[in-house]
């Protein structure tokens, strides 16, 4: 009778060793736990890399400072009825990474078909109204035909933010963040901003 508890203890230790392993060899349970932990870490990194690019960019900017390219103000006067306005330009494409959800109807906020008009500009419409054409250094001549939350948030801080639309994601990524001077109508909200917006976030 005295051997029964010992046998039960032996089998219990044996099962624990099979499940959790010994001091030099992990058991299946440890392998399962380790695999789940590795999967969670990789999943978090995937989300940060492909779904939360803006969060990563803000952390990088906070640690290392704003590394945005900044172009000098033009030395020539703007066209009649226009004013030079400093603006932050970023870039996007109609993919799920840039737009959170893919443009299923292929329409901008002003109902413009991006399959016909692949290039365009998103802005906070209270600062830069839709329908006007702008010349963006390095980008070209394009219409303001869209808007976005980042543009509207920056507008509340006195920053003119223009998001330039590209056809391909990698091309948009290469654009990065650029501060530049753009000729805008003198009666636009952006031209009336005083003082000039800061160049750092």
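Values quoted throughout were computed directly from the atomic coordinates according to the rules given, and no laboratory measurement underlies them. These numbers were taken from a predicted model, which means no experiment stands behind them. Positions of Cβ are generated from backbone atoms using ideal geometry, with glycine treated the same way; all protein chains shown enter the neighbour counts.
What the table below lists for this structure:
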item	result
Protection proxy ranking, peptides 70-80, 108-118, average beta carbon neighbours within 10 Å, highest first	108-118, 70-80
Segment residue 157-residue 186, extension gain: residue separation times 0.36 nm, minus the distance between their alpha carbons	8.5 nm
Proxy reagent accessibility, fewest Cβ within 10 Å first, across 97, 41	41, 97
